[in-house]
Amino acid sequence: MKIIVLIILFSFVFPELKVGDIAPTFFLRTLEEESFFMSDTLEKGSPIVLSFFATWCIPCREEIPVIDSVRQEFPNMKFYLVDVSGLNTNGKAMIEDSLMVAKMINFLKVDILVLMDIYGKTAEKYNVKELPTLVVIDPKGIISYMHSGYKQGDENELISILNGYVNEKK
């Protein structure tokens with residue numbers, strides 16, 4: 001009986017984030033050591049795309065250049081790469097190194113602001129369980145899309161969602 005109560009209590013304390021929920025705010029440092037406040041970005045009222053990744057994640061390396069291409073098609077929207085450190089993989093915490101992150105971003109030749117989630121707390125807030133995880137936040141700060149993993153063609157759904165925001169403004 002105590003276990004059931006704990007499970008129920010846990011689900012209220014840490015509810016699973018889903019489409020339709022208000023996007024959690026957070027503070028992170030950029031790869032360049034600048035401060036980034038999600039609350040400031042949300043106040044600007046434009047769609048936001050977050051891509052959670054790690055340097056050891058092979059599908060992330062495939063998705064990031066594609067996300068950068070999509071970003072170029074939608075210059076009035078905000079795109080961020082969130083490097084996640086501390087995720088457990090096979091019982092081992094995978095720690096990210098900022099020099100390795102910078103090397104990977106330079107190698108991929110992408111121009112998206114990188115946010116460093118060095119303790120994995122932002123990934124936790126966004127319920128990231130696997131990488132890459134893509135999150136789209138609408139202009140009102142509501143999560144409109146979440147997707148884990150990457151395979152070629154996944155970007156078509158993202159483009160469709162972002163086109164919807166462009167058409168809303170017309």
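A short reminder: the numbers here are calculations on the coordinates, not readings from a lab. Every value quoted in this text rests on a predicted model; they were computed, and no experiment measured them. Quick reminder, even Gly has a Cβ in these numbers, built from the backbone with ideal geometry, and neighbours come from all protein chains shown.
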Matching residues, the range 21-37, being assigned to a loop (DSSP other than H, G, I, E, B), small (G, A, S) and more than 14 Å from L50 (Cβ to Cβ)
none
Just the residues that are more than 14 Å from the chain's Cα centre (by Cα) and either of a type in the set (A, V, I, L, M, F, W, C) or in a loop (DSSP other than H, G, I, E, B) (or both), please, taken from the range 157-170.
I159, I161, L162, V166, K170
For the range 134-170 the number of residues that are touching a Ser or Thr at 6+ places or on another chain (Cβ under 6 Å) and closer than 16 Å to P65 by Cα is 1
Strands (runs of 3 or more DSSP E) contained in the range 42-156 and holding at least 3 residues crowded, with 17+ Cβ neighbours inside 10 Å and touching a residue at least 60 places away in the same chain (Cβ under 8 Å)
48-53, 113-117, 133-137, 143-148
